[in-house]
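Comments concern the structure below.
The values are calculated or read from the model by the stated rules, or taken from the named source; none is laboratory data. Keep in mind that this is a model prediction, so the values were computed, not measured. Here Cβ is always computed from backbone atoms with ideal geometry, including for glycine, and neighbour counts include all displayed protein chains. Heads up: the accessible areas ignore ligands, DNA and RNA and are worked out on the full protein's heavy atoms, side chains in. Shrake-Rupley method; radii C 1.70, N 1.55, O 1.52, S 1.80 Å.
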Amino acid sequence: MKRYFEFSDSKSHKFWQIAVDGSNCTVSYGKIGTAGQEKVSSYDSPERALKEAEKLIGEKTRKGYVEKESASEKKHARRIVVSYDEAEAGKTLLEKVQAFVDSPQAAEVSALVIGAWETPYEQDPQAGLDYLCEHSARLPNLKELFVGDMDGEECEISWIIQGDYTRLFAAFPQLERLHIKGSTGLVLSQQPLEHAHLKALTIECGGLPQSIIQTITGARLPNLEFLNLYLGVEDYGFNAALEDLQPFMDGTLFPRLKYLALADSELADQIAEAIAEAPVLDSIETLDLSKGTLSDKGAEALLASSKIRRLQRLDLHYHYLSNEMMARLKKELDLVLDVSEQQAPDEDEDEDCCWRYPAVTE
């Protein structure tokens, strides 16, 4: 018996394969396109080996691994970044994008990552984005794009000036994964957003504007499987209300959606209470409410829900749950549960209150 699985999201693309030969069980795993690593385990009987293999397969599928008939092709990836020294010397993102697009290798690249540009806290990457769109014919295999891959030393997330992605969706009809970091100045689309092949969308920021949320809830993305939204806080751009998030919970927006993240939110308890019995839980496999201000109040609503128990995975990492609530969740929910990174609220003695903060706000 041999079975092969793959896992992909906006940041990782991994394979996992298991083979049983008699009493031996061989597991191979690693990044897609590499040989990976191998581990061999021996059991006291072929029946025991098969039983352990099925157990491991169940664990992987609950984590989001999908069985494939054969391995995906090796990814050809490229990262474009303007270093500090290059920026000081006058180098620009546009020049680097032009050099990449005009190179013979561009036609082979399936994944493109754009890191820091010359002054991301003062200007947007628009010139580089526009050049990609204008010469999309030279990138026939581009299926994944990440714009804004930079750490806090290069630019704080809420300082990143983003661009207008309206033209991108028509220019790259084969695009499957889009990851955008930063929301200041971000325009996802100035017209109704439609894309037939987009499978994964991640917007990572300290505050997601209502306009972006409304663009997504009004979009036609029939093949979207993975949606990861960092909602953030008002001080960094979040100006929506719980009502604006309701369409994500109705279960009618994206028919193929399997992973829904409404993360990094100061409304985490309200979201938990609203989504606990929402129709979307009938179809998705993973609910991600991580990195927010979730407390026992929101967790109580999740525990009281029968729909939550249909999930394969519940991600609540970075939270403000009590030890008792963490224990209850682990005991009562038979699914893959992440309640790591427990936080303690800041106590303000003068105001006699406690403050809770999402993970990504600065």
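Hey, residue 20 hits all of (1) modelled with pLDDT of 90 or more; (2) over 30 Å from residue 123 (Cβ atoms); (3) open to solvent by 90 Å² or more (accessible area, probe 1.4 Å) but one; which does it fall short on?
(3)
On the given criteria, is residue 67 in a strand (DSSP E or B), at pLDDT below 90, open to solvent by 50 Å² or more (accessible area, probe 1.4 Å) and not aliphatic (A, V, I, L, M)?
When the stated conditions are applied, residue 67 passes them.
Across segment 128-145, what is the number of residues that are touching a Gly at 6+ places or on another chain (Cβ under 9 Å) and either surrounded by fewer than 21 Cβ atoms within 10 Å (Cβ to Cβ) or not in a helix (DSSP H, G or I) (or both)?
Residues in segment 128-145 being touching a Gly at 6+ places or on another chain (Cβ under 9 Å) and either surrounded by fewer than 21 Cβ atoms within 10 Å (Cβ to Cβ) or not in a helix (DSSP H, G or I) (or both): 1 in total.
Within segment 137-160, does at least one residue satisfy the condition of being at positive phi and touching a His at 6+ places or on another chain (Cβ under 9 Å)?
yes
Give segment 44-64 a look and list any residue that's without any contact (Cβ under 8 Å) to a residue 60 or more places away in the chain, open to solvent by less than 90 Å² (accessible area, probe 1.4 Å) and either within 27 Å of residue 334 (Cα to Cα) or among the aliphatic types (A, V, I, L, M) (or both), or say none.
Within segment 44-64, 49, 50, 52, 53, 56, 57, 58, 60 qualify.
How many residues does segment 258-292 hold that are among the polar types (S, T, N, Q) and out of contact with any strand residue (DSSP E or B) (no Cβ under 6 Å at 6 or more places or on another chain)?
Number of matching residues: 2.
Quick test for you: out of 344, 359, 299, pick the one residue that is among the aliphatic types (A, V, I, L, M), on the phi < 0 side of the Ramachandran plot, touching a residue at least 12 places away in the same chain (Cβ under 8 Å) and loosely packed, with under 13 Cβ neighbours inside 10 Å.
Among 344, 359, 299, only 344 is among the aliphatic types (A, V, I, L, M), on the phi < 0 side of the Ramachandran plot, touching a residue at least 12 places away in the same chain (Cβ under 8 Å) and loosely packed, with under 13 Cβ neighbours inside 10 Å.
Across segment 98-112, what is the total count of residues that are among the β-branched types (Val, Ile, Thr) and either at pLDDT 95 or above or assigned to a helix (DSSP H, G or I) (or both)?
Number of matching residues: 1.
Within segment 132-153, is even one residue more than 17 Å from residue 171 (Cβ to Cβ), touching a Leu at 6+ places or on another chain (Cβ under 9 Å) and not charged (D, E, K, R)?
no
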